[in-house]
Amino acid sequence: MAALVLFGGGGDLALRMLLPSLYYLEHDGLLPDDLKIIGAARSEESREDYVARVRQSVESKAKADDAWSDAAWSKLEARLDYLAVDATSAESLKPLKDKVGPGTCTSFLAVSPSLYARIVTAMRAAGLAEADDRVVLEKPVGRDLETFREIDDAVADAFSELQVFRIDHYLGKETVQNLIALRFGNTIFEPLWNNLSIDHVQITVGETVGVGDRWPYYDEYGALRDMLQNHMLQLLCLVAMEPPSDLEPDSVRNEKVKVLRSLRPITHDEAERVTVRGQYVAGTSEGQPVKGYDEERGLDSDTETFVAIRADIDNWRWAGVPFFMRTGKRLPEKRTEIVIQFKALPHSIFDNDRGQVTANRLVIELQPEEDISLSVMNKKPGLDQRMQLQPIQMSLSWGQNDKSAKPPRRRIAYERLLLDALAGDSTLFVRRDEAEQAWKWVDQVSEAWEGAAFKPRDYVAGTWGPPEADLLLDRTGRRWNTGND
Ligand code: BG6
(Lines give C-alpha, C1' and ligand atoms only; values in the text may rest on other atoms or scores of the structure.)
Protein backbone atom coordinates (compact mmCIF):
# COMPACT_ATOMS: atom_id res chain seq x y z
CA MET A 1 0.00 0.00 0.00
CA ALA A 2 1.06 3.60 -0.55
CA ALA A 3 -0.51 6.82 0.69
CA LEU A 4 -0.47 10.42 -0.42
CA VAL A 5 -1.40 12.84 2.34
CA LEU A 6 -2.38 16.34 1.30
CA PHE A 7 -1.88 18.64 4.28
CA GLY A 8 -4.02 21.67 3.52
CA GLY A 9 -6.17 19.26 1.51
CA GLY A 10 -9.16 21.63 1.48
CA GLY A 11 -7.16 24.72 0.53
CA ASP A 12 -6.73 26.62 -2.69
CA LEU A 13 -3.63 24.82 -4.00
CA ALA A 14 -5.05 21.39 -3.28
CA LEU A 15 -8.45 22.07 -4.82
CA ARG A 16 -7.27 24.13 -7.79
CA MET A 17 -4.12 22.23 -8.76
CA LEU A 18 -3.30 19.06 -6.85
CA LEU A 19 -6.61 17.22 -6.90
CA PRO A 20 -7.36 18.06 -10.55
CA SER A 21 -3.83 16.80 -11.36
CA LEU A 22 -4.56 13.57 -9.51
CA TYR A 23 -7.81 13.25 -11.43
CA TYR A 24 -5.97 13.54 -14.74
CA LEU A 25 -3.38 10.99 -13.66
CA GLU A 26 -6.25 8.68 -12.74
CA HIS A 27 -7.93 9.38 -16.06
CA ASP A 28 -4.75 8.39 -17.88
CA GLY A 29 -4.27 5.27 -15.76
CA LEU A 30 -1.04 6.54 -14.23
CA LEU A 31 -1.74 6.33 -10.50
CA PRO A 32 -0.44 3.27 -8.65
CA ASP A 33 -3.36 0.87 -8.05
CA ASP A 34 -2.90 0.68 -4.31
CA LEU A 35 -2.55 4.43 -3.67
CA LYS A 36 -4.85 6.07 -1.12
CA ILE A 37 -5.20 9.82 -1.03
CA ILE A 38 -5.96 11.46 2.30
CA GLY A 39 -6.90 15.12 2.63
CA ALA A 40 -5.82 16.45 6.03
CA ALA A 41 -6.80 19.91 7.24
CA ARG A 42 -7.98 21.76 10.31
CA SER A 43 -11.68 22.02 9.56
CA GLU A 44 -14.05 19.40 10.94
CA GLU A 45 -15.63 18.02 7.82
CA SER A 46 -17.08 14.64 6.90
CA ARG A 47 -15.49 12.54 4.19
CA GLU A 48 -18.66 12.95 2.11
CA ASP A 49 -18.55 16.75 2.30
CA TYR A 50 -14.88 16.81 1.45
CA VAL A 51 -15.33 14.49 -1.51
CA ALA A 52 -18.22 16.64 -2.74
CA ARG A 53 -16.00 19.73 -2.64
CA VAL A 54 -13.22 17.93 -4.47
CA ARG A 55 -15.64 16.71 -7.12
CA GLN A 56 -16.97 20.20 -7.72
CA SER A 57 -13.53 21.57 -8.33
CA VAL A 58 -12.25 18.65 -10.41
CA GLU A 59 -15.39 18.34 -12.49
CA SER A 60 -15.55 21.95 -13.57
CA LYS A 61 -11.92 21.87 -14.66
CA ALA A 62 -12.14 18.53 -16.42
CA LYS A 63 -15.34 19.47 -18.22
CA ALA A 64 -13.74 22.69 -19.45
CA ASP A 65 -10.91 20.53 -20.86
CA ASP A 66 -13.39 18.07 -22.32
CA ALA A 67 -11.82 15.35 -20.19
CA TRP A 68 -14.52 14.39 -17.70
CA SER A 69 -15.09 10.68 -17.20
CA ASP A 70 -17.46 9.23 -14.61
CA ALA A 71 -15.35 6.07 -14.47
CA ALA A 72 -12.13 7.96 -13.73
CA TRP A 73 -13.87 10.02 -11.06
CA SER A 74 -15.30 6.91 -9.39
CA LYS A 75 -11.82 5.41 -9.17
CA LEU A 76 -10.41 8.60 -7.71
CA GLU A 77 -13.32 8.96 -5.30
CA ALA A 78 -12.72 5.43 -3.99
CA ARG A 79 -9.17 6.41 -3.03
CA LEU A 80 -10.14 9.63 -1.26
CA ASP A 81 -10.41 10.04 2.46
CA TYR A 82 -10.40 12.99 4.83
CA LEU A 83 -9.26 13.62 8.36
CA ALA A 84 -9.44 16.77 10.46
CA VAL A 85 -6.05 17.27 12.13
CA ASP A 86 -3.89 19.81 13.83
CA ALA A 87 -0.81 19.04 11.78
CA THR A 88 1.51 20.72 14.27
CA SER A 89 0.56 18.25 17.03
CA ALA A 90 2.02 14.73 17.08
CA GLU A 91 -0.94 13.56 19.18
CA SER A 92 -3.40 14.82 16.58
CA LEU A 93 -1.42 13.14 13.77
CA LYS A 94 -1.61 9.67 15.32
CA PRO A 95 -5.04 8.81 13.84
CA LEU A 96 -3.65 9.95 10.49
CA LYS A 97 -0.76 7.52 10.86
CA ASP A 98 -3.33 4.78 11.49
CA LYS A 99 -5.22 5.72 8.33
CA VAL A 100 -2.01 5.74 6.31
CA GLY A 101 -1.14 2.25 7.49
CA PRO A 102 1.99 0.40 6.37
CA GLY A 103 3.80 1.30 3.14
CA THR A 104 5.33 4.46 1.74
CA CYS A 105 3.69 7.71 2.73
CA THR A 106 4.23 10.84 0.64
CA SER A 107 3.10 13.97 2.47
CA PHE A 108 2.49 17.13 0.45
CA LEU A 109 2.60 20.27 2.59
CA ALA A 110 0.14 22.59 0.85
CA VAL A 111 -0.02 24.90 3.87
CA SER A 112 1.63 28.12 4.96
CA PRO A 113 5.43 27.62 4.97
CA SER A 114 5.52 29.28 8.40
CA LEU A 115 4.12 25.96 9.67
CA TYR A 116 6.59 23.65 7.90
CA ALA A 117 9.07 23.34 10.76
CA ARG A 118 6.40 22.51 13.35
CA ILE A 119 4.59 20.10 11.03
CA VAL A 120 7.64 18.03 10.12
CA THR A 121 8.61 17.81 13.78
CA ALA A 122 5.14 16.52 14.64
CA MET A 123 5.20 14.14 11.65
CA ARG A 124 8.42 12.64 12.88
CA ALA A 125 7.00 12.06 16.36
CA ALA A 126 3.84 10.53 14.89
CA GLY A 127 5.74 8.05 12.70
CA LEU A 128 5.03 9.78 9.39
CA ALA A 129 8.69 10.31 8.60
CA GLU A 130 9.93 6.72 8.37
CA ALA A 131 12.84 5.79 6.14
CA ASP A 132 10.64 5.16 3.07
CA ASP A 133 8.42 8.20 3.53
CA ARG A 134 8.72 11.44 1.59
CA VAL A 135 7.78 15.04 2.07
CA VAL A 136 6.91 17.51 -0.68
CA LEU A 137 7.39 21.20 0.10
CA GLU A 138 5.71 24.00 -1.82
CA LYS A 139 7.56 27.26 -2.27
CA PRO A 140 8.34 29.69 -0.75
CA VAL A 141 10.57 27.96 1.79
CA GLY A 142 11.74 30.99 3.78
CA ARG A 143 12.08 34.57 2.59
CA ASP A 144 15.88 34.70 2.64
CA LEU A 145 18.82 32.36 3.19
CA GLU A 146 18.58 32.55 6.96
CA THR A 147 14.88 31.72 7.21
CA PHE A 148 15.25 29.07 4.52
CA ARG A 149 17.93 27.39 6.63
CA GLU A 150 15.85 27.58 9.79
CA ILE A 151 12.98 25.74 8.11
CA ASP A 152 15.18 23.35 6.23
CA ASP A 153 17.14 22.40 9.34
CA ALA A 154 13.88 21.28 10.96
CA VAL A 155 13.05 19.33 7.78
CA ALA A 156 16.51 17.74 7.84
CA ASP A 157 15.96 16.60 11.44
CA ALA A 158 12.95 14.60 10.29
CA PHE A 159 13.87 13.52 6.75
CA SER A 160 17.07 12.81 4.84
CA GLU A 161 17.69 14.95 1.75
CA LEU A 162 16.70 12.01 -0.49
CA GLN A 163 13.23 12.07 1.08
CA VAL A 164 12.66 15.81 0.53
CA PHE A 165 10.98 17.05 -2.65
CA ARG A 166 11.07 20.87 -2.99
CA ILE A 167 8.62 21.86 -5.68
CA ASP A 168 9.17 24.49 -8.30
CA HIS A 169 6.17 23.97 -10.51
CA TYR A 170 7.95 25.54 -13.50
CA LEU A 171 10.09 22.42 -13.69
CA GLY A 172 6.94 20.37 -14.33
CA LYS A 173 6.00 22.39 -17.40
CA GLU A 174 6.23 20.47 -20.64
CA THR A 175 8.25 23.08 -22.55
CA VAL A 176 10.77 23.38 -19.73
CA GLN A 177 11.48 19.68 -20.02
CA ASN A 178 11.50 20.05 -23.78
CA LEU A 179 14.35 22.52 -23.38
CA ILE A 180 16.46 19.65 -22.04
CA ALA A 181 15.43 17.53 -25.02
CA LEU A 182 16.22 20.35 -27.43
CA ARG A 183 19.66 21.04 -25.97
CA PHE A 184 20.83 17.51 -25.35
CA GLY A 185 18.83 15.46 -27.85
CA ASN A 186 20.20 17.32 -30.87
CA THR A 187 23.69 17.95 -32.12
CA ILE A 188 22.96 21.18 -33.97
CA PHE A 189 22.42 23.51 -30.98
CA GLU A 190 25.16 22.55 -28.54
CA PRO A 191 28.12 23.78 -30.66
CA LEU A 192 26.39 27.18 -30.88
CA TRP A 193 25.30 27.29 -27.25
CA ASN A 194 27.99 29.62 -25.95
CA ASN A 195 29.47 33.10 -26.06
CA LEU A 196 30.87 32.61 -29.56
CA SER A 197 27.42 32.45 -31.13
CA ILE A 198 24.96 33.81 -28.57
CA ASP A 199 24.65 37.53 -27.99
CA HIS A 200 22.33 37.43 -24.99
CA VAL A 201 19.43 35.57 -23.39
CA GLN A 202 16.08 37.00 -22.25
CA ILE A 203 13.69 35.37 -19.80
CA THR A 204 10.30 36.99 -19.48
CA VAL A 205 7.48 35.89 -17.20
CA GLY A 206 4.65 38.35 -17.75
CA GLU A 207 1.33 38.13 -15.93
CA THR A 208 -1.80 40.21 -16.45
CA VAL A 209 -3.25 39.43 -13.01
CA GLY A 210 -2.83 41.83 -10.12
CA VAL A 211 -2.02 40.75 -6.60
CA GLY A 212 -5.59 41.13 -5.27
CA ASP A 213 -6.47 38.65 -2.51
CA ARG A 214 -2.86 37.46 -2.18
CA TRP A 215 -1.74 40.92 -0.97
CA PRO A 216 -0.79 39.92 2.61
CA TYR A 217 1.43 37.09 1.35
CA TYR A 218 2.78 38.94 -1.65
CA ASP A 219 3.63 42.11 0.18
CA GLU A 220 6.10 40.19 2.32
CA TYR A 221 7.82 38.64 -0.70
CA GLY A 222 7.55 40.78 -3.83
CA ALA A 223 8.44 39.77 -7.36
CA LEU A 224 12.10 39.09 -6.55
CA ARG A 225 11.34 36.40 -3.97
CA ASP A 226 8.04 35.17 -5.40
CA MET A 227 9.22 34.57 -8.96
CA LEU A 228 12.86 35.33 -9.59
CA GLN A 229 14.48 33.39 -6.75
CA ASN A 230 12.83 30.20 -7.91
CA HIS A 231 11.07 29.94 -11.29
CA MET A 232 13.27 32.32 -13.23
CA LEU A 233 16.59 31.17 -11.81
CA GLN A 234 15.57 27.59 -12.55
CA LEU A 235 14.91 28.51 -16.17
CA LEU A 236 18.24 30.31 -16.32
CA CYS A 237 19.98 27.20 -14.95
CA LEU A 238 18.45 24.92 -17.56
CA VAL A 239 19.51 27.24 -20.37
CA ALA A 240 23.01 27.75 -19.01
CA MET A 241 24.02 24.42 -17.48
CA GLU A 242 26.67 22.13 -18.93
CA PRO A 243 25.49 18.80 -20.36
CA PRO A 244 24.92 16.45 -17.41
CA SER A 245 26.46 12.99 -17.64
CA ASP A 246 22.98 11.45 -17.54
CA LEU A 247 19.49 12.35 -16.36
CA GLU A 248 19.92 11.03 -12.84
CA PRO A 249 18.61 13.53 -10.25
CA ASP A 250 22.00 14.48 -8.92
CA SER A 251 23.66 14.72 -12.31
CA VAL A 252 21.22 17.40 -13.44
CA ARG A 253 21.16 19.21 -10.12
CA ASN A 254 24.95 19.27 -9.84
CA GLU A 255 25.08 21.15 -13.13
CA LYS A 256 22.39 23.61 -12.04
CA VAL A 257 24.22 24.39 -8.81
CA LYS A 258 27.39 25.18 -10.76
CA VAL A 259 25.49 27.80 -12.74
CA LEU A 260 24.09 29.37 -9.59
CA ARG A 261 27.57 29.47 -8.08
CA SER A 262 28.87 31.24 -11.18
CA LEU A 263 26.33 34.07 -11.02
CA ARG A 264 28.20 37.30 -10.56
CA PRO A 265 27.19 38.94 -7.26
CA ILE A 266 25.36 42.22 -7.64
CA THR A 267 26.91 44.81 -5.36
CA HIS A 268 25.15 47.85 -3.98
CA ASP A 269 26.94 50.07 -6.50
CA GLU A 270 26.07 47.77 -9.38
CA ALA A 271 22.43 47.40 -8.43
CA GLU A 272 21.41 50.71 -9.96
CA ARG A 273 22.84 49.73 -13.33
CA VAL A 274 21.64 46.12 -13.50
CA THR A 275 18.37 45.94 -11.56
CA VAL A 276 14.97 47.60 -11.92
CA ARG A 277 12.15 47.51 -9.36
CA GLY A 278 8.64 48.57 -10.23
CA GLN A 279 5.17 48.72 -8.71
CA TYR A 280 1.96 49.07 -10.72
CA VAL A 281 -0.30 52.05 -10.38
CA ALA A 282 -3.88 52.25 -11.65
CA GLY A 283 -4.28 51.55 -15.35
CA THR A 284 -6.04 49.20 -17.72
CA SER A 285 -5.71 45.45 -17.83
CA GLU A 286 -7.35 43.35 -20.51
CA GLY A 287 -9.62 46.26 -21.38
CA GLN A 288 -10.78 46.89 -17.80
CA PRO A 289 -9.74 49.72 -15.48
CA VAL A 290 -7.77 48.32 -12.55
CA LYS A 291 -6.49 49.68 -9.26
CA GLY A 292 -2.89 50.28 -8.36
CA TYR A 293 -1.09 47.89 -5.99
CA ASP A 294 -1.32 50.20 -2.97
CA GLU A 295 -4.99 50.95 -3.60
CA GLU A 296 -5.87 47.26 -3.64
CA ARG A 297 -5.29 47.17 0.09
CA GLY A 298 -5.42 50.84 0.99
CA LEU A 299 -1.86 50.69 2.32
CA ASP A 300 1.42 52.26 1.23
CA SER A 301 3.96 49.64 0.35
CA ASP A 302 7.47 49.55 -1.07
CA THR A 303 7.14 45.98 -2.33
CA GLU A 304 8.00 45.48 -5.99
CA THR A 305 5.47 43.90 -8.32
CA PHE A 306 7.96 44.04 -11.19
CA VAL A 307 11.62 43.21 -11.38
CA ALA A 308 14.11 43.24 -14.22
CA ILE A 309 17.69 42.12 -13.72
CA ARG A 310 20.77 41.64 -15.80
CA ALA A 311 22.59 38.52 -14.62
CA ASP A 312 26.10 37.60 -15.69
CA ILE A 313 27.43 34.09 -15.46
CA ASP A 314 31.15 34.09 -14.86
CA ASN A 315 32.31 30.93 -16.55
CA TRP A 316 33.96 29.96 -19.83
CA ARG A 317 30.76 29.26 -21.73
CA TRP A 318 28.90 32.43 -20.84
CA ALA A 319 31.52 35.12 -20.23
CA GLY A 320 30.22 38.30 -21.87
CA VAL A 321 26.68 36.99 -22.50
CA PRO A 322 24.14 38.87 -20.39
CA PHE A 323 21.00 37.09 -19.21
CA PHE A 324 18.16 39.61 -18.91
CA MET A 325 15.22 38.54 -16.75
CA ARG A 326 11.96 40.38 -16.16
CA THR A 327 8.74 39.47 -14.44
CA GLY A 328 5.75 41.36 -13.16
CA LYS A 329 2.08 41.51 -12.34
CA ARG A 330 -0.36 43.61 -14.39
CA LEU A 331 1.74 43.46 -17.53
CA PRO A 332 0.04 43.61 -20.92
CA GLU A 333 0.18 39.87 -21.59
CA LYS A 334 0.41 36.53 -19.84
CA ARG A 335 3.60 35.52 -21.62
CA THR A 336 6.43 33.32 -20.46
CA GLU A 337 9.33 32.87 -22.84
CA ILE A 338 13.03 32.31 -23.10
CA VAL A 339 14.72 34.08 -25.99
CA ILE A 340 18.13 32.94 -27.18
CA GLN A 341 19.40 35.80 -29.30
CA PHE A 342 22.22 34.75 -31.61
CA LYS A 343 24.92 37.16 -32.74
CA ALA A 344 24.60 39.30 -35.84
CA LEU A 345 26.39 38.23 -39.02
CA PRO A 346 30.10 38.98 -38.81
CA HIS A 347 29.85 40.50 -42.30
CA SER A 348 26.85 40.96 -44.53
CA ILE A 349 27.06 40.41 -48.26
CA PHE A 350 23.56 41.87 -48.52
CA ASP A 351 24.58 45.30 -47.30
CA ASN A 352 23.16 47.14 -50.28
CA ASP A 353 19.93 46.67 -48.30
CA ARG A 354 21.08 47.61 -44.86
CA GLY A 355 19.25 46.22 -41.93
CA GLN A 356 17.38 43.53 -43.80
CA VAL A 357 19.34 40.72 -42.16
CA THR A 358 18.20 40.13 -38.61
CA ALA A 359 20.14 37.84 -36.34
CA ASN A 360 18.76 34.36 -35.63
CA ARG A 361 16.61 33.99 -32.58
CA LEU A 362 15.35 30.91 -30.80
CA VAL A 363 12.18 31.54 -28.82
CA ILE A 364 11.06 28.97 -26.29
CA GLU A 365 7.52 29.90 -25.37
CA LEU A 366 6.01 28.35 -22.25
CA GLN A 367 2.81 30.39 -22.09
CA PRO A 368 0.26 31.11 -23.49
CA GLU A 369 1.30 28.61 -26.18
CA GLU A 370 3.85 25.86 -25.77
CA ASP A 371 6.09 26.42 -28.75
CA ILE A 372 9.70 26.54 -29.78
CA SER A 373 10.52 28.58 -32.85
CA LEU A 374 13.68 29.57 -34.66
CA SER A 375 13.86 32.63 -36.86
CA VAL A 376 16.02 32.20 -39.94
CA MET A 377 16.63 34.45 -42.94
CA ASN A 378 15.08 33.47 -46.19
CA LYS A 379 15.03 34.86 -49.70
CA LYS A 380 11.85 36.70 -50.58
CA PRO A 381 10.46 35.00 -53.65
CA GLY A 382 10.67 37.12 -56.78
CA LEU A 383 12.90 38.38 -59.54
CA ASP A 384 14.27 41.47 -57.79
CA GLN A 385 17.67 42.46 -59.09
CA ARG A 386 18.99 42.70 -55.56
CA MET A 387 18.24 39.71 -53.43
CA GLN A 388 15.62 40.57 -50.80
CA LEU A 389 15.65 38.75 -47.48
CA GLN A 390 13.00 38.16 -44.88
CA PRO A 391 12.97 36.38 -41.53
CA ILE A 392 10.74 33.33 -41.30
CA GLN A 393 9.78 31.42 -38.17
CA MET A 394 10.39 27.71 -38.09
CA SER A 395 8.26 26.06 -35.46
CA LEU A 396 9.99 23.14 -33.75
CA SER A 397 6.92 22.14 -31.81
CA TRP A 398 4.80 19.13 -31.42
CA GLY A 399 2.20 18.91 -34.16
CA GLN A 400 4.41 20.15 -36.97
CA ASN A 401 4.95 16.61 -38.18
CA ASP A 402 1.35 15.51 -38.01
CA LYS A 403 -0.99 18.42 -38.54
CA SER A 404 -4.09 16.23 -38.48
CA ALA A 405 -3.41 14.94 -34.96
CA LYS A 406 -5.26 16.50 -32.04
CA PRO A 407 -2.73 18.34 -29.86
CA PRO A 408 -2.28 16.70 -26.48
CA ARG A 409 -4.12 18.31 -23.58
CA ARG A 410 -2.00 20.94 -21.88
CA ARG A 411 -1.03 19.26 -18.64
CA ILE A 412 -0.99 20.90 -15.23
CA ALA A 413 2.66 21.11 -14.19
CA TYR A 414 1.80 19.34 -10.91
CA GLU A 415 0.79 16.16 -12.77
CA ARG A 416 4.39 15.44 -13.72
CA LEU A 417 5.67 16.47 -10.30
CA LEU A 418 3.17 14.44 -8.28
CA LEU A 419 3.89 11.40 -10.38
CA ASP A 420 7.63 11.82 -9.89
CA ALA A 421 7.31 12.41 -6.14
CA LEU A 422 5.19 9.26 -5.80
CA ALA A 423 7.86 7.35 -7.72
CA GLY A 424 10.66 8.89 -5.63
CA ASP A 425 12.30 10.57 -8.64
CA SER A 426 13.71 13.92 -7.57
CA THR A 427 15.23 15.08 -10.89
CA LEU A 428 12.67 17.87 -11.27
CA PHE A 429 12.84 18.99 -7.65
CA VAL A 430 15.15 21.53 -6.07
CA ARG A 431 18.00 20.26 -3.92
CA ARG A 432 18.93 22.05 -0.72
CA ASP A 433 22.21 23.48 -2.02
CA GLU A 434 20.46 24.79 -5.14
CA ALA A 435 17.88 26.64 -3.06
CA GLU A 436 20.63 28.00 -0.81
CA GLN A 437 22.69 29.32 -3.72
CA ALA A 438 19.61 30.93 -5.25
CA TRP A 439 18.81 32.63 -1.94
CA LYS A 440 22.40 33.81 -1.55
CA TRP A 441 22.30 35.57 -4.91
CA VAL A 442 18.86 37.03 -4.36
CA ASP A 443 19.69 38.16 -0.81
CA GLN A 444 22.48 40.40 -1.97
CA VAL A 445 20.08 42.01 -4.47
CA SER A 446 17.50 42.65 -1.77
CA GLU A 447 20.22 43.98 0.55
CA ALA A 448 21.45 46.29 -2.20
CA TRP A 449 17.90 47.57 -2.57
CA GLU A 450 17.70 48.76 1.00
CA GLY A 451 17.54 52.55 1.08
CA ALA A 452 15.48 55.26 -0.55
CA ALA A 453 17.28 55.17 -3.90
CA PHE A 454 15.78 51.78 -4.67
CA LYS A 455 12.13 52.43 -3.97
CA PRO A 456 10.12 50.77 -6.76
CA ARG A 457 9.41 52.97 -9.80
CA ASP A 458 5.78 53.33 -10.81
CA TYR A 459 4.46 51.69 -13.93
CA VAL A 460 0.95 51.96 -15.26
CA ALA A 461 -0.98 48.68 -15.06
CA GLY A 462 -1.10 47.18 -18.53
CA THR A 463 2.43 48.27 -19.56
CA TRP A 464 5.73 46.36 -19.62
CA GLY A 465 7.06 47.81 -16.37
CA PRO A 466 8.81 51.12 -15.70
CA PRO A 467 10.81 52.77 -18.53
CA GLU A 468 14.04 51.82 -16.73
CA ALA A 469 13.36 48.21 -17.76
CA ASP A 470 13.77 49.17 -21.41
CA LEU A 471 16.81 51.26 -20.57
CA LEU A 472 18.44 48.21 -19.00
CA LEU A 473 18.71 46.75 -22.50
CA ASP A 474 18.86 49.99 -24.51
CA ARG A 475 22.07 50.91 -22.72
CA THR A 476 23.68 47.81 -24.19
CA GLY A 477 22.19 48.32 -27.67
CA ARG A 478 19.57 45.57 -27.23
CA ARG A 479 15.77 45.39 -26.99
CA TRP A 480 13.25 43.15 -25.28
CA ASN A 481 11.54 40.75 -27.63
CA THR A 482 8.10 42.08 -28.49
CA GLY A 483 7.02 39.04 -30.41
CA ASN A 484 6.57 41.20 -33.51
CA ASP A 485 10.15 41.56 -34.70
C1 BG6 B 1 3.59 31.20 -8.33
C2 BG6 B 1 3.65 32.60 -7.82
O3 BG6 B 1 4.68 30.44 -7.88
O4 BG6 B 1 3.62 31.22 -9.77
C5 BG6 B 1 2.51 33.43 -8.38
O6 BG6 B 1 3.57 32.56 -6.40
C7 BG6 B 1 2.48 33.35 -9.88
O8 BG6 B 1 2.62 34.79 -7.95
C9 BG6 B 1 2.53 31.90 -10.35
O10 BG6 B 1 1.27 33.97 -10.32
C11 BG6 B 1 2.69 31.85 -11.86
O12 BG6 B 1 2.60 30.52 -12.30
P13 BG6 B 1 2.19 30.18 -13.80
O14 BG6 B 1 2.36 28.72 -13.89
O15 BG6 B 1 0.78 30.65 -13.98
O16 BG6 B 1 3.13 30.95 -14.67
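The values are calculated or read from the model by the stated rules, or taken from the named source; none is laboratory data. This is a predicted model, so every value here is computed, not measured. Cβ atoms come from the backbone with ideal geometry, glycine included; neighbour counts cover every protein chain shown. With ligands, DNA and RNA removed, areas are computed over all heavy atoms of the protein, side chains included. Shrake-Rupley method; radii C 1.70, N 1.55, O 1.52, S 1.80 Å.
For the reader, a short list of remarks on this structure follows.
- Using just its DSSP H runs of length 4 or more, each adding -39500 (n - 2.57), the chain gives a mean residue ellipticity at 222 nm of -10000 deg cm²/dmol after division by all residues.
- Summed side-chain charge close to R310 - residues other than R310 whose Cβ falls under 15 Å, Lys, Arg +1, Asp, Glu -1: -2
- Ranking V430, S60, P332 by how far each Cα lies toward the positive end of the dipole of the chain (charges on Cβ) leaves P332 at the top.
- Per-residue packing, averaged as other Cβ atoms within 10 Å, sorts the ranges 266-279, 289-302 into the order 266-279, 289-302, beginning with the highest.
- Other-chain or far-sequence residues with amide H under 5 Å of V5's (modelled H): I38, T106, S107, F108
- Packing-based ranking, highest mean first, of 316-327, 182-193 given that Cβ atoms within 10 Å are counted: 316-327, 182-193
- On Cα atoms only, tilt of 90-100 relative to the major axis of the chain in degrees: 90 degrees
- Estimated from the Cβ-Cβ distance and a Förster radius of 22 angstrom, the FRET efficiency linking K75 and R410 is about 0.45.
- With an a/c value of 1.5 or above and a/b larger than b/c for the gyration tensor axes a ≥ b ≥ c computed over the alpha-carbon atoms, the range 274-327 is described as prolate.
- Over the chain, relative contact order from alpha-carbon pairs under 8 Å, at least 6 apart, %: 18 percent
- Prolate/oblate/rounded label for the chain (Cα gyration tensor, a/c 1.5): prolate
- Under 5 Å from the amide H of Y459 lie the amide H atoms of Q279, Y280, V281, each residue being 5 or more positions distant or on a separate chain, with H modelled from the backbone and absent for Pro and chain starts.
- Candidate lysines for bridging to K97, where Cα separation is under 26 Å - those fewer than 8 sequence places away on the same chain excluded: K36, K75, K139
- The range 427-485 and the range 262-320: distance between their alpha carbon centers, rounded to Å: 4 Å
- In straight-distance terms, cross-link reach from K343 covers every one of the lysines whose alpha-carbon lies under 30 Å from its own, apart from those fewer than eight places away in the same chain; here that gives K173, K256, K258, K334, K379, K380.
- Accessible carbon and sulfur surface of the chain relative to its total accessible area, %, 1.4 Å: 50 percent
- Net charge of Cβ neighbours under 11 Å - reference E150; Lys, Arg +1; Asp, Glu -1: -2
- In nm, spacing of pseudo-spin labels at M387 and K440 (7 Å Cα→C-beta vector): 5.0 nm
- Dipole check for the chain: with +1 at the C-beta of Lys and Arg, -1 at the C-beta of Asp and Glu, and the Cα centre as origin, the magnitude is about 1140 Debye.
- Rounded Å value of the spacing that divides the Cα centres of the range 23-42 and the range 85-140: 17 Å
- Surface accessible to a 1.4 Å probe, per residue, for the residues of the chain, Å²: 45 Å²
- Karplus-derived 3J(HN,Hα), 6.51/-1.76/1.60, for each residue of the range 309-326, Hz, glycine and proline x: 9, 9, 10, 10, 9, 8, 8, 4, 5, 10, 3, x, 10, x, 10, 9, 10, 8
- Each Lys and Arg adds +1 at its Cβ and each Asp and Glu adds -1 at its Cβ; summed about the Cα centre, the range 167-286 shows a dipole of about 200 debye.
- The range 67-197 shape via C-alpha gyration tensor axes, a/c threshold 1.5: oblate
- Cross-link partners of K61 among aspartates and glutamates, defined as those whose alpha carbon lies under 18 angstrom from its own and excluding same-chain residues fewer than eight positions apart: D12, E26, D28, D70, E77, E415.
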